[in-house]
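The values are calculated or read from the model by the stated rules, or taken from the named source; none is laboratory data. Small disclaimer: the values here were computed from a predicted structure and weren't measured. As a convention, Cβ positions derive from the backbone with ideal geometry for all residues, glycine included, and neighbour counts pool all protein chains shown. In case anyone asks, the SASA skips ligands and DNA or RNA and just uses the protein heavy atoms, side chains included. Shrake-Rupley method; radii C 1.70, N 1.55, O 1.52, S 1.80 Å.
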Amino acid sequence: MLYATEEINRNPFLMPNVSLGYEVYDTCYSDAAAIDSVMSYLSGKQTGVPNYSCNSELPRLAAVVGDSPSSGSVAVARILGLTLFPQISYASALPSLADKTQFPSFLRTVGTVDSQPVAVVQLIMHFNWSWVGILASNNDYGNQGSLKLQSEMNNNGICVAFAKTLSTPPSKENLDDIVSVIRKSTANVIVLYAYATELIALLQSVTEEKIVGKVWIAVGSWIPSAVFTQNDLWATLNGTVGLAKYSSNIPGFGNFLYSVHPLNYPKDIFIKEFWAYVFACKWLSNNTVSSLYGTNATICTGNEDLTKLDSSVYDTKNFRLAVSVYNAVYAVAQAIHNMIFCESGNGPFFNGTCTDVENVQPWQLFYYIKNVHLVTTGGERVAFDEKGELKGLYDVLNWQVSPDLKGDMVKVGIFDDWGPKGEKLVLSENAIKWGYKYTQVPTSVCSDSCLPGFRKAPREGEPFCCYDCIPCSDGEISNQTDVTDCVRCSEDQWSNDNRVKCIPKMIEFLSYDEPLGIALSSISSVSSLITVSVLCVFIRYRDTPLVKANNRILSYLLLVAILLCFLCSFLFIGRPLSITCLVRQAIFGTIFSLCVSSILAKTITVVIAFSATKPNSSLRKWVGSSIPNSMIFFGSSIQTIICTCWVMLYPSSPELNMKVSKGIITVECTDSSVIFFYVALGFLGFLALLTLVVAFLARDLPDGFNEAKLITFSMLVFTSVWISFIPAYVSTKGKYMVAVEIFAILSSSLGLLCCIFAPKCHIIILRPHMNTREFLVSRTNITSKKQ
């Protein structure tokens, strides 16, 4: 303030012919002292007289610069606001001081109310901290500041790990409680919203408990301050990051600080005490030692060099509060200048009047100060908003302790509330040192980040920053960290193993390239060749008794039907096509009906042939009739009608089934009509059951080659296969459903082929002596005698 006043008075262009003076009152961090001081200079007496001025001499005081603590400013502002006496604080950051109803004439040069919590949150977000503790002093500054900070944190997705109040003055119980919370908390970052004088006891307790690894976030009320001059706290404070009022360069101020000397200010009662303290010496006054250090201290000579003092003792580079005071003094000077040069008729008051400079009213000067717009010699802009505040402009500081135990407050960035959104905070991360425990930016989270492929699941009863990482479900992905919901893949895609991207689903059908398809197609091919071989044998030996006795035409037809049964299985293998889907079930039903009808016809032929040999048999008239052929036509035609209606009314076509298997698209034929499928299968079962019953009843007829018995056994195999097919078919899906049907087709066809024709081929090829009329007649006679 002294430097700014002298610089203004030397400036011929600012307040020409007018000198700016000052009076200094020390409030000693006491609200009562602040009130006493303001009452004293308002009333003009050492003992203040409320609402009365005893000082008639000019010049009178024009404005108040101060106080530093918010509580003192509140006490003073309530009195000064009654007459709109201008007051400019250089350090009070209490949010409620922006209330112009309570404090109408209060202004400040420390930044806007909201900018400091915003700046703190921006700093926290920059380092990706989401789990932060808050300690606030038990006063208006701490309570209001911490509430605004918590609100800003909640709006930006930052959780409050704990919020504790530091009593003023702090009690042992209060300190023990806070230290216990700090030790137990997993939060590594703690914001301290309090004054320097209130934090020393807390930091000492933390140091005594040897709590390390905590990063303290300091707000402008205590960084920088005398807290950092206490060497025993350096280990705890090392790595502290905080926001302080922007320290612009005041030209010439450093040299001015070095010019301070007791001889230059003989009336200043503090200079000698300051000198004795920083140089650890004593002054001789009337041959009497005057020192704070006792009789063993050296004698102060006045030749001590201020430039040799450490910056932690005498800082001549970082002018934080100094800049705020400097700006406040210049705001008053510029307002007086504007008031002096007011042109009558263009003034701001009633009818364009100006202020009477000889009789300035406080509210008039307040108007001019409130509307000041200037740029100081330090290059800082001074312009108050409607709340009487400046936009926030802060330095980001980092307290660093070097290995040789030297502490230094290093500027590592800046927060400029004038800047565009998203670019207000500028940091040099490489310049930051985080203390002894960390070599890189420490983490402070309740839960570690959920990696891609996982989603966040909130923990019940805990803040939203505390969560568990749950893998995305099948068919869902997350390709970013810390997502709350996984994204479902489209129907034709599926999540990969890591659940980080969607990949096309595998196309599945019973292919010729896979082992199951190869096995089934191989069995079908071999079985078809065997059937053709059997047919060739029967054709080759068509004139032998055995072939004649089994009705050659029916045998040929049955073998052809069995061959078609084997071949129809190929309609089910391979990628389903429109034509194969349309006809395969119909062809399957028709061919198997033909096959079973042929067996039924053979069975009836055997019954008629051998029953007609009995005397007076009623079946003699049916010998040589067309009944077997009618049975074949009857069975196959009905099934053909059923299958034709099925195809025409409910045509089947290929479709992509997304729901059969996870991550797989099954190409299958649509189940156009389940009813028709079971009707066709039911009719086939009816024919098979009818054949089985007839063959079983005819098993004891005098057949030399046991034809009825072979048919009985073959139909037992056939019906067993298809009875077991139904539950197996219903319980499977996708390509395995097709495989079950093919297996049923092959196994039942092989059962018919082996049970009916294998014994005959054995006789024809390996036992030709049994393939004679004599053997056939003798075998028949033997069977007849047994009956």
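Data overview
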{"read-out": "Residue within the stretch 683-700 that is buried (at least 17 other Cβ atoms within 10 Å of the Cβ), modelled with pLDDT of 85 or more and in contact with a Lys or Arg (Cβ under 8 Å, 6 or more places away or on another chain) present", "value": "no"}
{"read-out": "Complete set of residues in the stretch 265-280 that are farther than 15 Å from Tyr314 by Cβ and either in a helix (DSSP H, G or I) or at pLDDT 90 or above (or both)", "value": "Lys272"}
{"read-out": "Residues within the stretch 176-195 that are assigned to a helix (DSSP H, G or I) and open to solvent by 20 Å² or more (accessible area, probe 1.4 Å), tallied", "value": "6"}
{"read-out": "Among (1) open to solvent by less than 50 Å² (accessible area, probe 1.4 Å); (2) in contact with a helix residue (DSSP H, G or I) (Cβ under 8 Å, 6 or more places away or on another chain); (3) not in a helix (DSSP H, G or I) - the single one Val660 does not satisfy", "value": "(2)"}
{"read-out": "Answer from Ala93, Ala75 - the residue that is under 57 Å from the mean Cα position of the chain (by Cα), among the small types (Gly, Ala, Ser), modelled with pLDDT of 85 or more and farther than 26 Å from Asn338 by Cβ", "value": "Ala75"}
{"read-out": "Near pairs, Cβ below 6 angstrom, 6+ apart or cross-chain, from the stretch 196-210 (part of a helix (DSSP H, G or I)) to any residue that is hydroxyl-bearing (Ser, Thr, Tyr)", "value": "Ala196/Ser225; Glu198/Ser137; Glu198/Thr168; Leu203/Thr236; Val206/Thr236; Thr207/Thr236"}
{"read-out": "Residue within the stretch 365-385 that is out of contact with any strand residue (DSSP E or B) (no Cβ under 9 Å at 6 or more places or on another chain), farther than 21 Å from Ala91 by Cβ, open to solvent by 80 Å² or more (accessible area, probe 1.4 Å) and not hydroxyl-bearing (Ser, Thr, Tyr) present", "value": "no"}
{"read-out": "Which listed residue, of Ala235, Ala244, is crowded, with 22+ Cβ neighbours inside 10 Å and not in a loop (DSSP other than H, G, I, E, B)", "value": "Ala244"}
{"read-out": "Val120 within 27 Å of the chain's Cα centre (by Cα), part of a strand (DSSP E or B) and surrounded by 21 or more Cβ atoms within 10 Å (Cβ to Cβ)", "value": "no"}
{"read-out": "So Ser428, is it open to solvent by less than 30 Å² (accessible area, probe 1.4 Å), of a type in the set (Ser, Thr, Tyr), more than 25 Å from Asp232 (Cβ to Cβ) and out of contact with any Asp or Glu (no Cβ under 7 Å at 6 or more places or on another chain)", "value": "no"}
{"read-out": "Given (1) at pLDDT below 85; (2) surrounded by 18 or more Cβ atoms within 10 Å (Cβ to Cβ), number of the condition Thr613 does not satisfy", "value": "(2)"}
{"read-out": "When residues of the stretch 123-145 are limited to those that are more than 20 Å from Ser449 (Cα to Cα) and buried (at least 23 other Cβ atoms within 10 Å of the Cβ), the one nearest to the chain's Cα centre (by Cα)", "value": "Ile134"}
{"read-out": "Neighbours by Cβ (under 7 Å, 6+ apart or cross-chain): first from the stretch 52-81, among the charged types (D, E, K, R) and assigned to a loop (DSSP other than H, G, I, E, B); second modelled with pLDDT of 90 or more and crowded, with 23+ Cβ neighbours inside 10 Å", "value": "Asp67/Ala34; Asp67/Ser73; Asp67/Val76; Asp67/Ser89"}
{"read-out": "Residue tally, condition in a loop (DSSP other than H, G, I, E, B), touching a Phe, Trp or Tyr at 6+ places or on another chain (Cβ under 9 Å), surrounded by fewer than 19 Cβ atoms within 10 Å (Cβ to Cβ) and hydrophobic (A, V, I, L, M, F, W, C), over the stretch 467-506", "value": "1"}
{"read-out": "Contacts under 9 angstrom Cβ, first residue in the stretch 335-361 being loosely packed, with under 10 Cβ neighbours inside 10 Å, partner hydroxyl-bearing (Ser, Thr, Tyr) and modelled with pLDDT of 90 or more, 6 or more apart", "value": "Ser344/Thr353; Gly345/Thr353"}
{"read-out": "Leading residue by the ranking (farthest from Val120 (Cα to Cα)) among those in the stretch 416-425 that are under 28 Å from the mean Cα position of the chain (by Cα) and open to solvent by less than 100 Å² (accessible area, probe 1.4 Å)", "value": "Pro420"}
{"read-out": "Residue among Met715, Met737 that alone is within 22 Å of Cys565 (Cβ to Cβ), hydrophobic (A, V, I, L, M, F, W, C) and open to solvent by less than 20 Å² (accessible area, probe 1.4 Å)", "value": "Met715"}
{"read-out": "Residues of the stretch 163-175 satisfying the condition of being assigned to a strand (DSSP E or B) and either surrounded by fewer than 16 Cβ atoms within 10 Å (Cβ to Cβ) or not hydrophobic (A, V, I, L, M, F, W, C) (or both)", "value": "Lys164, Thr165"}
{"read-out": "Matching residues in the stretch 1-29 - criterion: being among the polar types (S, T, N, Q), outside any helix (DSSP H, G or I) and surrounded by fewer than 16 Cβ atoms within 10 Å (Cβ to Cβ)", "value": "Asn11, Asn17, Ser19"}
{"read-out": "Of residues in the stretch 450-465 being outside any strand (DSSP E or B) and more than 18 Å from Met153 (Cβ to Cβ), the one most open to solvent (accessible area, probe 1.4 Å)", "value": "Glu460"}
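Every residue, every condition in (1) within 21 Å of Phe106 (Cα to Cα); (2) polar (S, T, N, Q), yes or no:
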| site | (1), (2) |
| --- | --- |
| Gln334 | yes, yes |
| Phe350 | no, no |
| Phe366 | yes, no |
| Gly378 | no, no |
